[in-house]
Structure formats: C-alpha cells, structure tokens
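See structure below.
Quick note: the coordinates plus some simple rules give every number you see, no bench work behind them. Quick caveat: nothing in here was measured; it's all calculated off a predicted structure. Glycine gets a Cβ as well: all are built from the backbone with ideal geometry, and neighbour counts include every protein chain shown.
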Amino acid sequence: MTDLTRLLLACAAGGILTFLALYFLPFGKTLLGHDRGRKYVEGSEVNIGKPTGVGLYFSLIFTAAVCAFTNAGAGMYLMMILVLIMSFIGFLDDRSKSPWNEYSKGALDFIVALLGSIVFFRFFGNELYLSFINRSFILNPIIYIILATVLIIVSINATNATDGVDGLSGTLTIITVITLMVSAKVHGLLTLQKALPGLALVVIILVYLVFNHYPSKMLMGDAGSRAIGFFIAFYFMYLKLPLAYLILGLPFLIDGGLSILKITIGRLTRKKIIILPNLITPVHDHLKKRAKFSVPKTWAVICLASLFIDVIYIIVVMISRML
C-alpha cells in the first residue's frame with residue numbers, strides 16, 4: 001500500500017465514520033453529558049442542555065484511523081494513545097455533575113504532557129527547525145523535554161479556552177494545521193506519511209463543524225478540545241517546527257491563552273496583580289459582551305485574524321527560503 005493510498009483511506013474512513021457517529025450519536029443518551037452553561041460566560045445559556053463531550057467520538061475515530069493506516073511506527077501509536085487518554089480525561093469532566101477542580105485537571109495535564117514529551121523524544125528525537133533562518137538544531141534532551149512539556153500544556157489549555165463560540169475552536173484548528181503543513185512543505189519537511197495525521201484531523205473536524213456551526217447542535221466539550229490541543233502541540237514537534245507555534249498558535253494564545261495567564265497570575269498573587277483588568281477573557285467573550293458582536297461575527301473576526309497572521313507567516317517563510 002502506497003503512502004498516498006494510506007493517506008486517502010485514513011481521511012475517507014475518518015470523515016465517513018465521524019459523520020455517522022455524530023449523526024446517530026450511538027449510546028448518546030447514556031454516554032454523553034449535557035452542557036451546564038458557564039458562569040460569567042456571555043451567551044452560554046443558549047448551550048445549556050446540548051449534548052457535550054462528542055469530542056470523544058471523533059477522537060476515537062481519529063486515533064483509530066491514524067493507527068490503522070500510518071506506517072510511522074510505535075511512536076505514532078503511543079502518541080495517539082496519549083491523545084485518546086487526554087480526550088477521555090476531558091470526557092469524564094464533561095460528564096461530571098460539577099466541573100472538576102482546576103488543580104486536578106492541571107496535574108493530569110502535566111502528567112500526560114510529560115509522558116508525551118518523553119515518548120516523543122524517545123521515538124522522534126529532539127531536532128527543531130527555525131523557519132526564518134532555514135536551519136535545524138539539536139537541543140539538549142532535558143531542555144527539549146521541558147520545553148515540549150510546556151508547549152503541550154499551553155496548547156491543551158489555550159485550545160480548550162477557545163471552545164466557547166460555535167465553530168471557533170474547530171475552525172482555528174483547521175487553519176492552524178493546514179498552515180503548519182504548508183510551512184513544512186515549503187521547508188521540505190513534509191512527506192505523505194507525515195501529512196496523514198494532519199489531513200485526517202482536518203477532514204474529521206470539517207465533518208464535526210457540520211454539526212457545530214452556528215447555531216450548534218452539539219459540543220465537542222473538553223473531550224474534544226483537550227485532545228485537539230495535545231495533538232496540535234505534537235504535530236508542531238512532529239514536523240520539527242515547535243517554535244512556529246508562537247506565531248501560528250497566536251489565535252489560540254490570544255483568545256484562550258490570555259484567559260489562562262490572567263487567572264494564573266491572579267491566583268498566584270492572591271488577586272493583588274490583575275493583568276488587563278478591562279479585558280474580559282477569553283477574548284471571544286469580550287467581543288460578545290463589550291463589543292456586542294453576534295456569535296457569527298465573533299467567529300468571523302477571530303478566524304479572519306488567524307488567516308491574516310498565517311498568510312503573512314507563509315509569505316515571510318517563502319521569502320526567507322529565497323534569500
């Protein structure tokens with residue numbers, strides 16, 4: 001079986017099975033939780049009662065499709081298992097009658113992120129490529145594992161925090177993954193084998209957006225957003241462009257990451273230091289509450305900003321390749 005055949009089969013199987021799973025939601029009444037709404041979150045009341053945690057369905061399908069058709073070896077299988085573990089952790093929180101303690105979730109994030117970093121280093125190495133100077137470097141293993149752990153934790157939480165507007169987290173995921181793949185292709189770092197998990201996820205999320213565009217019928221919940229966040233961090237490392245997350249991940253970092261940073265600093269200083277006091281975070285809530293943007297307009301503004309950042313990045317990368 002050629003690499004192209006593997007890629008096409010993974011995308012086709014992932015897309016078809018995701019559509020069937022989300023259309024019929026097998027065991028949904030007993031398996032899934034229902035959205036509780038979010039305190040202090042603008043407009044969250046419209047989601048109360050909607051099925052949440054459907055990210056477990058597409059995470060199962062995604063990891064199965066990748067494992068069934070990849071030829072990347074044991075390292076890829078182990079990383080997919082960790083994606084699934086992160087999804088299951090999020091799913092348990094989705095089903096809980098009350099939200100989990102944030103310290104408990106943080107501890108679990110750290111454990112899975114550290115395991116992911118060690119597994120990645122063991123099977124895929126510690127090389128990273130710097131886009132703008134077209135050079136690769138080998139980092140000290142300990143430093144690489146520490147930085148990889150931080151990247152995974154940041155990506156998990158930033159992606160999770162953006163999941164508050166219909167279609168937003170999924171659309172940003174698609175834009176980010178495609179731009180990352182284009183950048184890797186420009187640098188000669190992308191093969192069909194390496195494209196398989198990224199394209200499979202893009203197809204699966206596109207299918208999910210059929211059910212999650214405004215007004216949404218269902219929500220991915222932490223089961224989806226936390227698994228996607230883990231995979232995004234892994235994929236940046238897998239394509240040897242982890243530092244590119246600082247640019248391509250800006251929409252996640254600005255929209256969701258600022259919320260995590262603001263809360264963390266406030267708690268560490270016992271609210272003696274509150275950064276950006278006039279900004280409601282996540283930023284999509286600021287746009288809805290303060291700017292009075294509708295849900296579709298909020299989605300459009302953030303996604304267009306993401307596209308603008310990514311197009312500029314690709315142009316700069318292409319120019320740097322010609323110099």
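A few points about this structure:
- Exposure proxy shown here: for 27, 123, 137, 234, the number of other Cβ atoms within 10 Å sets the order, fewest to most, as 27, 137, 123, 234.
- Once the mean of 1/r is taken over each pair of separate Cα atoms and inverted, the range 44-115 shows a Kirkwood hydrodynamic radius of 13.8 Å.
- Candidates 168, 276, 248: whichever shows maximal mean-square fluctuation once the chain is modelled as a Gaussian network with Cα springs under 10 Å: 276
- ³J(HN,Hα) computed for each position of the range 103-113 - Karplus, 6.51 cos²θ - 1.76 cosθ + 1.60, integer Hz, glycine/proline x: 5, 5, 5, x, 5, 5, 4, 4, 4, 5, 5
- Computed from backbone phi, the HN-Hα couplings of the range 296-301 come to x, 5, 4, 4, 5, 4 Hz, rounded to whole numbers (Karplus: 6.51 cos²θ - 1.76 cosθ + 1.60, θ = phi - 60°; Gly and Pro given as x).
- Sequence of 163, 285, 222 once ranked by neighbouring C-beta atoms within 10 Å, starting from the fewest: 285, 163, 222
- In this rough spin-label picture, where each label sits 7 Å from Cα along the Cβ direction, the residue 118-residue 178 distance is 3.8 nm.
- The amide H of residue 34, built 1.01 Å from its N in the peptide plane, has 52 as neighbours under 5 Å, considering only residues 5 or more places off or on other chains.
- Computed from phi, the 3J(HN,Hα) profile of the range 93-101 under the Karplus parametrisation 6.51, -1.76, 1.60 (θ = phi - 60°) reads 5, 4, 7, 5, 5, 9, x, 5, 4 Hz, with x in place of Gly and Pro.
- Per residue, the average separation of C-alpha pairs within less than 8 Å and at least 6 apart gives the range 54-180 a relative contact order of 19 percent.
- Under the Debye formula (equal points on every Cα, no solvent term), log10 I(q)/I(0) of the range 3-322 at q = 0.09, 0.10, 0.12 Å⁻¹: -0.43, -0.54, -0.79
- Taking a ≥ b ≥ c as the square roots of the eigenvalues of the alpha-carbon gyration tensor, the range 169-212 is classed oblate because a/c is 1.5 or more while a/b is no larger than b/c.
- Spin-label model, residue 305/residue 275: points 7 Å from Cα along the beta carbon direction are separated by 1.6 nm.
- Calculated FRET efficiency, residue 29 to residue 88, Cβ-Cβ distance, R0 = 25 Å: about 0.80 to the nearest 0.05.
- Computed E for residue 107/residue 135 - FRET, C-beta separation, R0 45 angstrom, nearest 0.05: 0.75
- The range 94-150, relative contact order in percent, only Cα pairs under 8 angstrom and at least six apart counted: 35
- Taking the inverse of the mean 1/r over every pair of distinct Cα atoms in the range 74-187 gives a Kirkwood hydrodynamic radius of 16.0 Å.
- Net lengthening on full extension, residue 290/residue 77 (0.36 nm per residue, minus Cα-Cα): 72.2 nm
- Extension gain for residue 264 to residue 185 (0.36 nm times residue separation, less C-alpha to C-alpha distance): 24.8 nm.
- Normalised alpha carbon radius of gyration of the range 146-274 [divisor 2.2 N^0.38 Å]: 1.10
- Residue pairs exceeding 25 angstrom between C-alpha atoms, taken from 50/194; 240/288; 105/288; 29/289; 194/262; 262/292: 50/194; 240/288; 105/288; 29/289; 194/262.
- Within the chain, the longest segment free of exposed loop sites, counting trypsin sites (Lys or Arg not before Pro) that fall outside DSSP classes H, G, I, E and B and have at most 15 other Cβ atoms within 10 Å, spans 98-216.
- Percentage relative contact order, the chain, counting C-alpha pairs under 8 Å, at least six apart: 25
- What the Cβ-Cβ distance of residue 319 and residue 127 gives, at R0 = 30 Å and to the nearest 0.05, is a FRET efficiency of 0.80.
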